[in-house]
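Novice: Please read through the structure below; I'll follow up with questions.
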Amino acid sequence: MPVKDDISITRLPTAPELSRFAADLILDSALGHVRSDGRFTLALSGGSTPRPTHRLLAEEPHVSAMPWRDTFVFWVDERCVPPGHPVSNYGNAVEDFIQHVPLEARNVFPMPTVSPAAFGASRYEAQLREFFGLPPGAVPRFDLVVLGLGTDGHTASLFPGDPSLEDRERLVLAVHGGTPPVDRLTLTLPVLNNSGEAVFLVSGGEKAGVVRAALEDRDFTLPAARVVPGKIQWLLDCEAASGLSKPLF
Ligand code: 6PG
């Protein structure tokens, strides 16, 4: 698996193989952290790319192998819409796996999509501080953060040029943007960069240009290029990797 800088890049032939690789990675990470730490803290992104991976977590062999009792699920970002709305990241995760697996409600931490969004951001930040037992000023450390990539280089709900990118104090912020352009909550870069591991799931030829900009050109105006925790993997299908100049194998 070749490494560019300190970033590990894996190219999978197809999107379904990317999804299966990602489900295996989540399972391996969960088993490893539960074995070593007694729990696994996972933060999920929304959008369409991760949904097949989420569905695989509710099927064999993953559904029986996952340590659900000691797995704690959070979100990287959320659209401020009701859980039943078709663009709700939490609602889609419930549909794709949460309602099909033995996860207790106490293990699942949806972002509060209340109004004003800033109130929800503060509430989620307080929930993180309580769950992780954080002293003032400390940053939570998720074992694994699963991220996507927008064609504009956004990740989570951190959009290019948005002031939220520069915030070093907050853990969760309310922003407005994306597709659909709605109020959103997002983890901030300090949280993403404090994670034990981040994995990007990127599929489709429409992302090839921004993948190259982030991974080869290292264009740090792109929020995704600024996610550089200790361990980071980019999982790309062939189409998303097609803009990279250097062979990956
Ligand atoms: C969100 C996501 C967002 C997503 C990218 C890619 O809530 O919108 O967290 O960051 O990962 O927009 O979305 P697709 O996977 O649908 O291309």
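Novice: Which of the residues that make up the stretch 126-136 are outside any loop (DSSP other than H, G, I, E, B) and either surrounded by 20 or more Cβ atoms within 10 Å (Cβ to Cβ) or among the hydrophobic types (A, V, I, L, M, F, W, C) (or both)?
Specialist: Listed by number, the residues that qualify are Ala126, Leu128, Phe131, Phe132.
Novice: While we're here: Take the stretch 198-217 and flag every residue that is free of Cβ contacts under 8 Å to residues at least 60 places away in the same chain and assigned to a loop (DSSP other than H, G, I, E, B).
Specialist: Selection gives Asp217 alone.
Novice: Continuing with this model, one more query. Scan Val34, Val63, Val76 and give me the residue that is within 18 Å of the chain's Cα centre (by Cα), at pLDDT 95 or above and of a type in the set (A, V, I, L, M, F, W, C).
Specialist: Residue meeting the stated conditions: Val76.
Novice: Pick from the stretch 184-197 the residues that are within 12 Å of the ligand (Cβ to nearest atom) and of a type outside the set (Lys, Arg): which of them is farthest from His85 (Cα to Cα)?
Specialist: The qualifying residue farthest from His85 (Cα to Cα) is Leu192.
Novice: Filtering the stretch 155-172 down to residues that are under 19 Å from Asn89 (Cβ atoms) and within 14 Å of the ligand (Cβ to nearest atom), which residue is surrounded by the most Cβ atoms within 10 Å (Cβ to Cβ)?
Specialist: Ala156
Novice: Related question: Filter the stretch 51-91 down to residues that are within 14 Å of the ligand (Cβ to nearest atom) and of a type in the set (Val, Ile, Thr) and give me whichever is surrounded by the most Cβ atoms within 10 Å (Cβ to Cβ).
Specialist: Here the residue is Val76.
Novice: On the basis of being at negative phi, within 16 Å of the ligand (Cβ to nearest atom) and surrounded by fewer than 17 Cβ atoms within 10 Å (Cβ to Cβ), does Asp152 make the cut?
Specialist: yes
Novice: Have a look at Val146, Val94, Val139, Val108 and point out the one that is within 17 Å of the chain's Cα centre (by Cα), surrounded by 15 or more Cβ atoms within 10 Å (Cβ to Cβ), within 12 Å of the ligand (Cβ to nearest atom) and of a type in the set (Val, Ile, Thr).
Specialist: One residue alone meets the criteria, Val146.
The values are calculated or read from the model by the stated rules, or taken from the named source; none is laboratory data. As the structure is a computational prediction, the values presented were derived from the model and not from experiment. When we count neighbours, we look across all protein chains shown, and the Cβ atoms used for this are built from the backbone with ideal geometry, even at glycine.
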